[in-house]
Amino acid sequence: MEIKPIREKWKGTMTDRERFNNQMHYRPIDRCFNMEFGYWNENFKEWPLFYQNGITNNQEADIFFNFDKIVVISGNVWMSPPFESKVVGQTDTTKIIMNADGLLAEVPKDDHDTIPHFIKPTIVTPDDWKKCKEQRFRRDDPSRKVDVEALKKAHPPDRDYPLGVHCGSMIGKIRDMLTFEGLIYACYDYPEMVEDMVETACVLVEDFLDQVLPHIDFDFASGWEDICFKNGPIVPVDFFKNVVVPRYKRISEKLHQYGIDIWYTDCDGDVRPLLPYFLEGGINCLFPFEVNSCAHPAELLNEYGKDLRIMGGVDKMVLARGREAIKSYLESLVPLVERGGYIPFCDHRCPPNVKPEDYLYYLDLKEEMFGMK
C-alpha cells in the first residue's frame, strides 16, 4: 500500500545526511534533524489518524509524518538460533510464553503493551551458560555471515540519509537472559560467567563489524543497553566499569579506525551513574533519554559540554498534559537545539494517552521552533 504523507517534509537546503552529521558535530545546520522514536502498538489501533489511513507500524508512521530518513544496519550478533517463541500456559487474563531468549514470561492475553512478568530465567548457573553458549552463540554459525554486496547496493556511498551500524549490547541482552534480579545475583555469585557472557557478546559484534566496516561508509553507530531504571543502574557500577567498559573500548577503536565518532546507545532510566563510563568507553550519545527517570537534557549537556550528545529527551508525560505544557517544554529545548549535539523527540514510544490532535500540535510546534520556518 502506498502511504500518502499528511505533512510536508520540513524545508531545508541540506540533505538529511549532511544535516545529521553537522548537527551531531556542532557544525552549522539549515534546520534541526526531524525524527521521532515511534509509538505504542495501541496507538495504531486507537488513534483515528493512524487507523483511518491504514498506518499499522512505526516504519509506516515515519513515512506518514514525512520525517527525515535515518537507517541502521544490524547483523546477527546475538543468540542463534533463538529459542522457539511459544505459549506454554494461560489463565483467564494472561498467558505464559517462552520468548526468544528462553525466558518464561507472563503477559496479558490481549497482547497490550506492558513489561512482562518474568517467571524463570534462561541462565542461572555456569553450566547453564556453557550449554547455551555451545548451542546458540557459535561464532561460525553461517547465519552470521553478512551479504555485504547487497548492503552496498541498498546503501550506496552517494545516499542522502545518515546510515548507522548497530553495535549490539554488551550487558543489556544479558539482562534479558538472566532477568533483572538474576543479573544482579550473577554479578556477585558468578562474576566469571557474566564476564564470559560480555566477552561473547563483544566478539560477535567485532566479527560483524569486521565484515562491514571496510566496505560501507557509516555515519554513526548505535547500541542497546537497557540496564537502568528510575533509581539508577541495575548492574554494580564497579562491574560495569571493569568488565563492560573495556569491551566498549575495543568496539570504539574499530569504529574510529573507519571515521565513526558518533555512537549512541539506547538506555532507559537514570543513566547518570554510568555516563562517565559510557563516555570513557566511546559511547558519546544518549538515546532516547528518558526525562522523568533522569533529568532535563539541559542538565547533562551543560555538565558534559560537547563531549556528549543527546537524541530524544522530550518528556512523554508532558505530551499528555496538553498544549500549554507542550509549548513550555519545547521552549526549554530551544537553546539546546541552537548549541548543536541535540535532536529533540519523544523520550520513548509515544503512549496512547496523548491526544492525536495534541501530538499533531507538537509536530507543528517543533517545525515552528526548530524547522527554521
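A short reminder: the numbers here are calculations on the coordinates, not readings from a lab. Just so it is clear, the model here is predicted, and its values are computed rather than measured. Cβ sites come from the backbone with ideal geometry, for glycine too, and all protein chains shown count toward neighbours.
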Top mean-square fluctuation among ALA201, ALA150, ALA320, Gaussian network model of the chain, C-alpha springs under 10 Å?
ALA150
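Please compute the Kirkwood hydrodynamic radius over segment 1-152, one decimal place, Å, based on all pairs of different Cα atoms.
About 19.8 Å, per the Kirkwood formula over Cα pairs.
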Relative contact order %, segment 1-140, counting alpha carbon pairs below 8 Å whose residues are six or more apart
17 percent
Peptides 268-276, 350-358 ordered by average Cβ neighbours within 10 Å, highest first:
268-276, 350-358
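Based on the Cβ-Cβ distance of VAL88 and ASP113, what FRET efficiency does E = 1/(1 + (r/R0)^6) give at R0 = 25 Å, to the nearest 0.05?
Details: r = 21 Å, r/R0 = 0.85.
After rounding to 0.05, the efficiency reads 0.75.
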Gain upon complete extension [ASP147, ARG159; 0.36 nm per residue less C-alpha separation]
2.4 nm
Whole Å is fine, so just give me how far the alpha carbon centre of segment 143-169 lies from that of segment 196-210.
18 Å
I want to check a number: in segment 1-148, how many lysine pairs have alpha carbons closer than 26 Å, given a sequence separation of 8 or more or different chains?
24
In degrees rounded to 10, the 0-90 angle between helix 245-257 Cα long axis and the longest Cα principal axis of the chain is 60 degrees
With all distinct Cα pairs included, what does the Kirkwood hydrodynamic radius of segment 189-277 come out to in Å, to one decimal, could you say?
14.2 Å
Can you tell me which of 116-126, 44-54 comes out highest on packing, and rank the rest after it, using the mean Cβ neighbours within 10 Å?
116-126, 44-54
Scan segment 125-188 for GluC sites (Glu not before Pro) in coil per DSSP, keeping those whose Cβ has at most 13 other Cβ atoms within 10 Å, and list them by number.
none
Using a 7 Å offset from the Cα along the Cα-to-Cβ direction at both HIS296 and TYR361, what is the distance between the two label points in nm, to one decimal?
2.1 nm
Just to confirm my numbers, what's the Cα centroid distance between segment 312-340 and segment 83-113 in Å?
37 Å
Suppose the chain between TYR26 and GLU60 were pulled fully straight at 0.36 nm per residue; how much longer would it get relative to their current alpha carbon spacing?
9.2 nm
Gained length - ALA100 relative to PHE229, 0.36 nm times residue gap less alpha-carbon distance
44.1 nm
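Please find the FRET efficiency linking ASP217 to GLU134, where r is the Cβ-Cβ separation and R0 is fixed at 45 Å, and quote it to the nearest 0.05.
On the way: r = 37 Å, r/R0 = 0.82.
Given R0 = 45 Å and the Cβ-Cβ separation, E is 0.75.
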Which three extents, in whole angstrom, do the alpha-carbon atoms of segment 158-312 cover along their principal axes, largest first?
50, 36, 21
At q = 0.10, 0.14, 0.15 Å⁻¹, what log₁₀ I(q)/I(0) does a Debye calculation on the Cα points of the chain give, no solvent, two decimals?
-0.69, -1.39, -1.55
